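J.: The structure follows.
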Amino acid sequence: MTAASLPPRPVTRFAPAPTGRLHLGHLVNAMFVWGLANRAGGRIVLRIEDHDRQRCRPDFEAALLDDLDRLGLVPDEPPTDGLRAGPSPFRQSDNGSAYEAAVQRLGEVADVYACDCSRSTFARWREAHGRPWSGPGCPGDCRAPGLAWRHDRGLRVALGDGAEAWDDLLVGPQAGPVAPDGDLLVRDRNGNWTYALCVVVDDRRHGVDLVIRGEDLLDATPSQVRLGRLLGRAVPPTFAHHPLIRRPDGSKLSKADGATAIGSLLDAGATPADLVGEAAARVGLLAEPRPLSWTDVPKLLANRRR
Ligand code: GLU
């Protein structure tokens, strides 16, 4: 049983990436975010995680803001109209200078180095050694020569070795290696600041002390805790990793599953309560789907057994 408890009046966030339409998986995340925040008298920040400029699209962002409005999901800040109005501190693509400043700061306390490794460098290493690269460094040993920082090279930060542990609000005590697949990439070879960097910088800048997200991100957490510490965050946020909707074969539902797009389901006549009930049933919070209002969700989560 976890000893972790909800921080009093926490700040949490809903942080979708506009790489596709909002789907039932996001609705599960929203249920946990709004439900747990509501239970603890907390606040919810809406953040657009469009750090990947090749995959994110403004029309997907516009659709997701509309979907949130149609669902009746209201963040404490910013209002959806605030994001529609133009640049915002809550949209990653508008805040490159924050990530750049963080990498500068990291460079003062750790080794940040340019890296030429691509996916195929990792694949070749795996073929040659019969296991994937793991632990500090990278398969091309890019740290040693001190390559020049160029936009077509990635940037990695040496977080060190070892593990980080935390007591997860939903899945109990956890621990994992900080470099499960090499030193952490903070900028990719397309010049994008990476998810890991942006999420840690933004959670700090937005005052987030409760991170609620799917359990597919459990393995990403130790490096984020370590990165946060290097960036001056002495106390990591409380983490709550919730179950995901799985396809029948056990794989994670993704935006490619067009049939579950929230907008299409609403267009076809489903009500927000139908969809909340469907999402709750898909992760075992209800035995059978039934219409469920947002105000029922905190109670449902309080009764949930881990
Ligand atoms: N943008 C991430 C996603 O859509 C959120 C990750 C997180 O909550 O840390 O999966």
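A short reminder: the numbers here are calculations on the coordinates, not readings from a lab. Since we're looking at a predicted model, the values are computed, not measured. A quick note on method: Cβ atoms are made from the backbone with ideal geometry, for glycine too, and the neighbour counts reach across all protein chains shown.
J.: Give the span of region 49-189's Cα atoms along each principal axis, as three whole-Å numbers ordered largest to smallest.
T.: If we take the Cα atoms of region 49-189, the spans are 51, 40, 33 Å.
J.: Please give the direction-averaged projected area of the C-alpha convex hull for region 127-269, in square nanometres with one decimal. Working shown, then result.
T.: Details: hull surface 49.5 nm².
If I average the Cα hull's projected area over directions, I get 12.4 nm².
J.: Moving on. Take the alpha-carbon centre of region 77-102, take the same for region 145-167, and report the distance between them in whole Å.
T.: Between the Cα centres of region 77-102 and region 145-167 lies a distance of 25 Å.
J.: Also, I was wondering about something else. Can you give the charge dipole size of region 92-184 about its Cα centre, rounded to the nearest 20 debye, using +1 on the beta carbon of Lys and Arg and -1 on the beta carbon of Asp and Glu? Spell out each step's value before the answer.
T.: Values: 9 positive and 14 negative charges, 87 e Å.
In debye, rounded to 20, region 92-184 gives about 420.
J.: Now for a different question. Quick one: grab the alpha carbon gyration tensor of region 168-209, order the square roots of its eigenvalues as a ≥ b ≥ c, and give me rounded if a/c is under 1.5, else prolate or oblate depending on whether a/b is larger than b/c. The partial results should precede the final answer.
T.: On the way: a/c = 3.43, a/b = 1.30, b/c = 2.63.
Oblate.
J.: Within the P(r) computed for region 1-69, what percentage of the Cα pairs occupies the region above 21 Å?
T.: Values: 780 of 2346 pairs.
Every Cα pair in region 1-69 considered, those over 21 Å come to 33 percent.
J.: Quick one: compute the contact order of the chain, relative version, from alpha carbon pairs under 8 angstrom and 6+ residues apart, as a percent.
T.: The normalised contact order for the chain reaches 23 percent.
J.: Identify, among Thr295, Gln224, Pro243, the residue whose Cα sits farthest towards the positive end of the charge dipole of region 171-306, taking +1 on the Cβ of Lys and Arg and -1 on the Cβ of Asp and Glu, with the dipole about the Cα centre.
T.: Sorting the options by dipole projection puts first Gln224.
J.: Now for a different question. Can you compute the charge dipole magnitude of the chain about its Cα centre, using +1 on each Lys and Arg Cβ and -1 on each Asp and Glu Cβ, nothing else charged? Give it in debye, rounded to the nearest 20. Working shown, then result.
T.: Details: 39 positive and 39 negative charges, 70 e Å.
Roughly 340 debye, rounded to the nearest 20.
J.: Can I ask one more? Based on the mean of other Cβ atoms within 10 Å per residue, sort peptides 132-140, 225-233 so the most packed one is first. Write down the numbers at each step before the final one.
T.: Values: 132-140: 17.0, 225-233: 18.7.
Most protected by this proxy first, the peptides run 225-233, 132-140.
J.: For a quick size check, give me the Cα extents of region 55-128 along its three principal axes, largest first, whole Å.
T.: Here the Cα extents, ordered largest to smallest, are 52, 34, 18 Å.
J.: Using amide H atoms built in the peptide plane, which far-off residues or other-chain residues are under 5 Å from Arg13 H to H?
T.: Amide H neighbours of Arg13, under 5 Å, 5+ apart: Val45, Ile212.
J.: Based on the mean of other Cβ atoms within 10 Å per residue, sort peptides 42-52, 172-182 so the most packed one is first. Please report the intermediate quantities before stating the final value.
T.: Values: 42-52: 22.3, 172-182: 16.8.
The peptides rank, most packed first, as 42-52, 172-182.
J.: Might you report the magnitude of the Cβ-based charge dipole of region 1-153 about its Cα centre, with Lys and Arg at +1 and Asp and Glu at -1, to the nearest 20 debye?
T.: Values: 20 positive and 19 negative charges, 85 e Å.
With Lys and Arg at +1 and Asp and Glu at -1, about 400 debye.
J.: For the chain, rounded, prolate or oblate, judged on the Cα gyration tensor with a ≥ b ≥ c (square roots of eigenvalues), a/c < 1.5 rounded, else prolate if a/b > b/c? Please list the in-between numbers first.
T.: Values: a/c = 1.68, a/b = 1.58, b/c = 1.07.
Prolate shape, in that a/c is at least 1.5 and a/b is the bigger ratio.
J.: If you don't mind, there's one more thing I want to ask. Give me Rg/Rg_expected for region 45-95, where Rg uses Cα atoms only and Rg_expected = 2.2 N^0.38 Å with N residues.
T.: Values: Rg = 10.5 Å, N = 51, 2.2 N^0.38 = 9.8 Å.
Ratio of Cα Rg to 2.2 N^0.38 Å: 1.07.
J.: Could you let me know the centre-to-centre spacing of region 1-66 and region 178-234, using Cα atoms, in angstrom?
T.: Each part's Cα centre sits 16 Å from the other's.
J.: Any idea which of Val283, Leu68, Ala85 is furthest toward the positive side of the dipole for the chain, if Lys and Arg beta-carbons carry +1 and Asp and Glu beta-carbons -1?
T.: Val283
J.: What nm distance separates the two modelled labels at Arg290 and Glu215, each placed 7 Å from Cα along Cα→Cβ?
T.: 2.6 nm
J.: For region 45-105, what relative contact order do you get, as a whole percent, if you take Cα pairs closer than 8 Å and at least 6 residues apart? Can you show the working numbers first?
T.: Numbers: 37 pairs, mean separation 28.5, N = 61.
This gives 47 percent for region 45-105.
J.: State, as an integer percentage, the relative contact order of region 1-80 based on alpha-carbon contacts under 8 Å between residues 6 or more apart.
T.: Values: 93 pairs, mean separation 30.2, N = 80.
Reported relative contact order: 38 percent.
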